[in-house]
Each structure stands twice: as structure tokens, then as C-alpha cells.
Amino acid sequence: MIYNYIKIALRNIIRNKTYSIINILGLTIGISASIMILLFVQYHYNFDDHIKNSENKYRIVEIQQADGVGEQHVAFTMGPLARQMEADYPEVIQACRVMPWGGGLLTYGQDSYDNSYFSFADTNVFDMLSIELIHGNPATALENIESLCFSESMAKKMFGSVEEAIGKMVRMGNHGSLKVTGVFKDMTLNSHLYFDVIAPFELAMRQNQWLTNWFNNSLVTYVELKDNTDVDKFEEKFRDYLTNFAPEERDPESLYKFYLQPYKDIHLKSGHIKFQHTRKMGNQTFVWVLSGVGLALLLIACINYINLSIARSVKRSREVGMRKVLGASRDKLIYQFMGESLIITSLSILLSLGLVEILMPEFNAIMRTAIDFQLSMGFVGVLLGILIIVSAISGFYPAVYLSRYNPATVLKGDSEKSISSTTLTRVLVGFQFFVSTVLIIFIIVTNQQVNYIKEKDLGFNYDNIVNLHLYYEENPQKYKLFKSELLQHSIIKNAAYTSSISGASGSQSTMHLADTSEASVMVRVCAADESFIPMMDIELLEGRNFHKGSSIDSNTALIVNQAFVNHFGWKDPIGKRIQPFDSDTNRIVIGVVKDYHYHNLYAEIEPAAFMISTFRMNEINIKFAESNKEEALDLIEEKWNTFFPGKPFNPRIAETMIMRDYGEVLRTLTLFTVFVFISLFISGLGLFGLSSLYVERKIKEIAIRKVLGGSVLQINLLIIKDFALLIGIAGLLAIPAGYKMLEGFLSEFAYHTQIHWYYFLYAIIATMILGTITVLIKSIKAAYTNPVDTLKYE
């Protein structure tokens, strides 16, 4: 019997090729998109899964009340915290300090290698972060202060093999020669941290005494608590821990508060943290929205099957009637139609697997992920779940709908009269266009935000700027000569040493008005020479710029931004004396620059202070003539190799670096654009099914209207008006849902575009046009059908 059902189902699928292809195509596309979204969501939720005992591991976060910037959450802490916690709290099994140090130059023999993933860490870093050593003892690999551990790929890059790396002496920047004592497995890309080189934290302590200060935040502290520790109670007594180490004169209300962030929350739940070290940070809201989109795409694919099955019901009514006359019960008919649904869904899943395999590399490239598509047992279970659920959703209602026909009625030719209201199909198609309209609204506004970012006046000019990272171990005099040599050429317009491409580094520190410790402000630290402000077209509102070669300006001058001045409410800021964070010598405000976006548009412009600081000016911006980019890059590389032979030359174009901060927005726009087209395509198929059903039911009425003189235009308008109303209602319902989604998206930007009413109108018009074209495909054909062919059986 089962074999017979399968044979009949296959026969019906083959006989109705057009509908079968549309059903399979719609389900294949919907299931493929859903599988890719599922893999993407799984990828983000699996971050840091490799960490052993992660349920007991936490990152320490500070809540700071900073003058000038308000409350901010910071995942950087002070040097003494880890060891002190181990001593004071029996709940703490271990604490580990990790201090990312950015790029570093590694030299072996005559060869130098640039490394962007270097960090200092405590000796227990391998256990705390579950880093697997291939060679070396994890307990002793970082015990010697002059030791060094490499990742497997870094060891192969420098020495050709892991074995050759062990025992080699490598010079690392200004940290001296260190011995390679361990090689660890490359860290998984599904980790919020990534290292290629790890050096002992004690080495950093020896070179930087400020790491012993309880009020210097420069490293990440992780802790592991004992099993069954009441985290809430622990946090209660840990929150004000800093009061034990603060000077008596320090106001307790101004002290940082501590809390624990679960290790597994770091990747997706850190959007509220202003300063942190992560290789890649996810966005939980985006993941949730994408999950909803995946579910919606799967649903609208199922809706198509339902609508197309009902659209075919008129043609299959006589088949149902005949089978009932021959003794088929209703439950057997339901089994038959459910079997057809199961076969079509199975074919769609198989095709989806092939499509996902083909598209996954492109998906990874767009989303900057490393999703490995493999048919694991868990994934096969998910596919079986999709098969059962989609088959049930897609097949149950059509099966029940078709199996209820009265055989006497349908065999007399009155099948049209036996078909009940199509209210459900209208609601389902309306839902499809509701989803499509919401997605269209989202990509319209996302595109506007991207244009806003590109066109907004940031307050400085990064056009035709190339940036180079400098190395500490070089003689500073060489850098002066390098800059001077570049400026001898007409294609180089200017050059300036700075702490970052936009002037402001990631460093923050408190500055006080001279002779008082109460009036203070938290500032962004900007180190730059006298060329930076004019070269970057930053507007100087008051006072003057630094003087070239002035030792007085180097030691005592300070330039601040408007936000700095506004914090103190100064009318005349020039000449104000400021006590900096790193010196007992006061600095004098010599100029005020207009606020500019030294950071990205996600953040408010905060107080900033410029000073000449050789130690912090570890980058150089070089401005070249607009029409000579390639020639300028060749010249810069030639001079670089002349002054710094063997040092890696890694130019970074400013425009690319500035826009890199918005990569997630651009990727979101790309992804949602793809899903909009998928949604519209599937919705179009669904509307085609509904219009087919409508025309099938109205075919005799259309023929009679033509006989009575109705024109093709009148007939088409008659058919279109109901669907236009349906799509219009769906569009109106999409407005509040789209607005809510956009509010959440734009709230992540401190500066963003506005949501205008006509964006919603554009989206509704777009879906209207698509719907009208889809319905016209069927209605035009019906309107031009010869009424004789339709009415000849009457």
C-alpha cells in the first residue's frame, strides 16, 4: 500500500510539472536560506565552546563614572587585581592576566616578521583559555621571564616547522632576545581572543612599572570560580573591592565598581562595553533578527506549498471524488497528499544541501565567518526535524482541504462550488508580503545609513592618506629623516607622526585643572606632531597649532577639542593650565580644535587632548597627490626599505581603515538585500498560486463578462484590485514592525540618518509593483482566453 501511495505521489508530481517545479524551487530556496542562517546563528552561539569549564569562568568588567563622559563599562582592569583576588577570595580557583600589545616586530637572524596578534599573559593562560601546547610544558612554558610561545602557523612561517622553532632565540621589538619555549595549536577562529605570540606577563611588569598601579587599566583579567559558587553573592562583596586599595582622600563614589561577565556571554553580549579586547564581537540582537528572518523564509516557503496545492485543487477534485467512490477513506487520502508533501520536501532538502555547499564559501566571504558545513549527527537531526515540520506544515492543510470534497458534487462538475472561502490563503500570502515589506524597509534605511556614514563630514579629511605603523626599536632620528626625505618629492603633500590614523588612540585618562584634584575630565589621548592638524584639515577654532621643533611645545603645550572646553564651561580656554596624567609638569592650553569624529559614528564625541609625545607617536600619516596614488606608494616603499631595511612594509589606506569600523553594517546590508530578493521571489510564487486559484474560480465569470462586452483592461482590473488591497494591508501592517526594527538598529549609532515616512511608502510601492506584475501574468492569459473554449461544456 505504501509503495502504491509513493507511486501515485510521484506520478502526480511528474504530471503537474509546472506546479511541482514551483513547489520544489520555493522550498529549496527557503530551506537553503534557513539552513545558512541556522549555521550562522550556530557559529555565533558556539563561540568559545572550546573553553573547558567555561560555566565557571568570567571576565572582570569595571563600571566607571568618568567626568566628561558619564558611566562607561570597561573590560580592562589593573595589574595587581588577579593575584590579590586569588589571595583574598577562597571562591577563586585561579585568575589570569592577558595584556594584548597590538602589533610587534619579530626578528630572527636577518629576517623580520610583523605580528598583529601578540600578547603578554600569566603562566596559567594555557589552562584558563584552553590553549593546547604542541611542544612545551604548559606549567613552565612562560615561567622564565625571557621565554616566548608561538602559534603553530607563526612557528612554520618563521622557521619552516614546529620542531625547528623550539629553542630558537628571537628578538621581539624593544623587549630583547627571547627563547622559544613552546608552540601551541592555532587558536580557533570561534574565539573572542586570538594570539600568535605570547610572552610572560612578568616581562611586561619589568618594563612598565605602571602595571603595579591600582588605578591603571590596561589588561584583561579572567577568573575561574569553584563549582557551585553563588555568583550573585560573590559579586555583592566584590563590587566595591577597589575601596580596599584607594587612597583615603579618594571619594568612594568615584571608584570603579566591578562585576563578572560570564565567559560565554563575551562574544554576543558585550555591546554595552565601551573598551574591551575582542578579535571579533557579535551582536545578539542581529543574530535574533536573523533567526526570525530565517524562520520567516521557511514559513513563506511552506505557505507557497499550501497555496499552490489549493490552487490545483479544482483540477484534482475529480481525482479525489473518483478515489472516494472506489472506496478510499478520508484518512487514506490525507496519507496520500501528506506523502506527496514528504517527497517534495525530501527532494527540496537534498537540493538545498547541494546549494548550501556551493554558496557557503561566498557566504563566509561576505560575512567574514569560517563556517564549516559538515553533515554531523546533530545536523542530520536538524534536517530530519525540518523534513517532518515542513512536510507537516506544507502538507496537512492541503491534504485535509482536498480530502473533504463530496464525490457526488465534484463528479457532477460543480467542484468550483465545493471550494470554500480562500480567507486562509489570503492571510498567508498577506503574511509573505508583510515579511517582504519589512525587509525592504530595513534595507532602504540601512542603505541610507551607509550613505550617511560615507557622506557625513567627519571634521577631518582622510582622502589620499596612507598610514604606516612604526617600530619602537628604531632610532627616532631615523623617522625624522624618513619624513624629511619623503617631503622632498612633489607627489608627497605632507606627513605627520601620530598615535593613530585619526589622531586619537584608544587610550583614555583623567586630566585635572592645575592646582586642584576636584575639577577633572576623562579625555581621549591624542599624540601628534605639528603637521597633523593642518594636514588632516582639522579646524582650529582658537589659539594656535604646535610650533615645529619647539621644545617648549613638546613639554608644556596642549590642544583640546570643543567637548573638553564645554565640560569645564570655559569662555576663554587659552592659557588654562592642565595637569596631565603622566607628568608632574603642567601643560598650557594653546589651541582649541573643532569637534571631529576621531572615533566612529557609533560613539559620541568626547573630550580629547592633543600633545606632542614621542613615546605615543607610533604611526605616520602620509598625504599624497590625488592622481599619483600608485606612484606615491612605490616611492614610500622605496624610502622605507632604504631607511628600515628588512622591516615589513604594510601600508594602510585611510579610507579603507575608516570604513572598516562599519564592516558589520555593510555586511548586514548585503545579507538582508539577498534575503529580500529571496523573500520577494518566494512571495511572488505564493501570489502566483493565489492568483491561479482566483482565476480558476473566476474563469467562467471572466468568459461571460467577455461575451457581454467586457474589455481585457476591465477584466484585469477586476482581478488585480483584490490583490492590491491585500498587499496594501500587508504593507500597512509592516510599518510599525519595520519602524521598531529600525529603531533598534539605528540606536547602535550615536549619529545616524532619520527614518522618513517615504521610506515606508517606497517599500509598499515596491511590493505593490511586484504583486501586480505577478498577478498580471495569470490574469492577462485568462482575459485573452477565448470564452467559447471556457463555456462550451455548459
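The values are calculated or read from the model by the stated rules, or taken from the named source; none is laboratory data. Everything numeric here is computed off the predicted structure, so don't read it as measured data. Note: ideal-geometry Cβ built from the backbone for every residue, glycine included; neighbour counts use all protein chains shown. Each accessible area value is taken on the protein alone, full model and side chains, heavy atoms only, with ligands, DNA and RNA left out. Shrake-Rupley method; radii C 1.70, N 1.55, O 1.52, S 1.80 Å.
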For this session: Could you identify the single residue in ALA527, ALA557 that is without any contact (Cβ under 8 Å) to a residue 60 or more places away in the chain, surrounded by 16 or more Cβ atoms within 10 Å (Cβ to Cβ) and among the aliphatic types (A, V, I, L, M)?
Result: ALA557
Problem set entry | Top-ranked residue of segment 119-133 - restricted to ones that are touching a helix residue (DSSP H, G or I) at 6+ places or on another chain (Cβ under 7 Å) and buried (at least 17 other Cβ atoms within 10 Å of the Cβ), ranked as nearest to PRO651 (Cα to Cα) | PHE120
For this session: Consider PHE672 carefully, then state whether it is touching a Ser or Thr at 6+ places or on another chain (Cβ under 9 Å), in contact (Cβ under 8 Å) with a residue 24 or more places away in the chain and part of a helix (DSSP H, G or I).
Result: yes
Problem set entry | Tally, over segment 563-601, of residues that are open to solvent by 60 Å² or more (accessible area, probe 1.4 Å) and closer than 28 Å to ASN217 by Cα | 11
Exercise. With respect to LEU347, is the statement that it is at pLDDT 85 or above, touching a helix residue (DSSP H, G or I) at 6+ places or on another chain (Cβ under 8 Å), more than 22 Å from LEU424 (Cα to Cα) and surrounded by fewer than 20 Cβ atoms within 10 Å (Cβ to Cβ) true?
Worked result: yes
Exercise. Would you say VAL69 is farther than 28 Å from ARG206 by Cβ, of a type outside the set (Gly, Ala, Ser), touching a residue at least 60 places away in the same chain (Cβ under 8 Å) and buried (at least 19 other Cβ atoms within 10 Å of the Cβ)?
Worked result: yes
Exercise. Under the condition of being assigned to a loop (DSSP other than H, G, I, E, B) and charged (D, E, K, R), which residue from segment 455-510 is most open to solvent (accessible area, probe 1.4 Å)?
Worked result: ASP457
For this session: Test SER550 against the criterion of being free of Cβ contacts under 8 Å to residues at least 24 places away in the same chain and either buried (at least 23 other Cβ atoms within 10 Å of the Cβ) or at negative phi (or both), and give yes or no.
Result: yes
Exercise. Looking at this structure, is LEU791 modelled with pLDDT of 80 or more and out of contact with any Pro (no Cβ under 6 Å at 6 or more places or on another chain)?
Worked result: no
Problem set entry | Residues of segment 174-187 satisfying the condition of being surrounded by fewer than 17 Cβ atoms within 10 Å (Cβ to Cβ) and farther than 14 Å from LEU133 by Cβ | ASN174, GLY176, SER177, LYS179
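The rows are residues; the columns are (1) small (Gly, Ala, Ser); (2) open to solvent by less than 30 Å² (accessible area, probe 1.4 Å); (3) outside any helix (DSSP H, G or I).
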{"residue": "LEU25", "(1), (2), (3)": "no, no, no"}
{"residue": "ALA33", "(1), (2), (3)": "yes, yes, no"}
{"residue": "ILE37", "(1), (2), (3)": "no, yes, no"}
{"residue": "PHE47", "(1), (2), (3)": "no, yes, yes"}
{"residue": "GLU62", "(1), (2), (3)": "no, yes, yes"}
{"residue": "ALA82", "(1), (2), (3)": "yes, yes, no"}
{"residue": "MET85", "(1), (2), (3)": "no, yes, no"}
Problem set entry | Every pair of residues 6+ apart whose Cβ atoms lie under 8 Å, when the first sits in segment 354-378 and is within 23 Å of LYS280 (Cα to Cα) while the second is open to solvent by 50 Å² or more (accessible area, probe 1.4 Å) and not in a loop (DSSP other than H, G, I, E, B) | ILE366/THR670; PHE373/GLU357
Exercise. Only one residue in SER112, SER116, SER151, SER161 is among the polar types (S, T, N, Q) and open to solvent by less than 20 Å² (accessible area, probe 1.4 Å), so which one is that?
Worked result: SER151
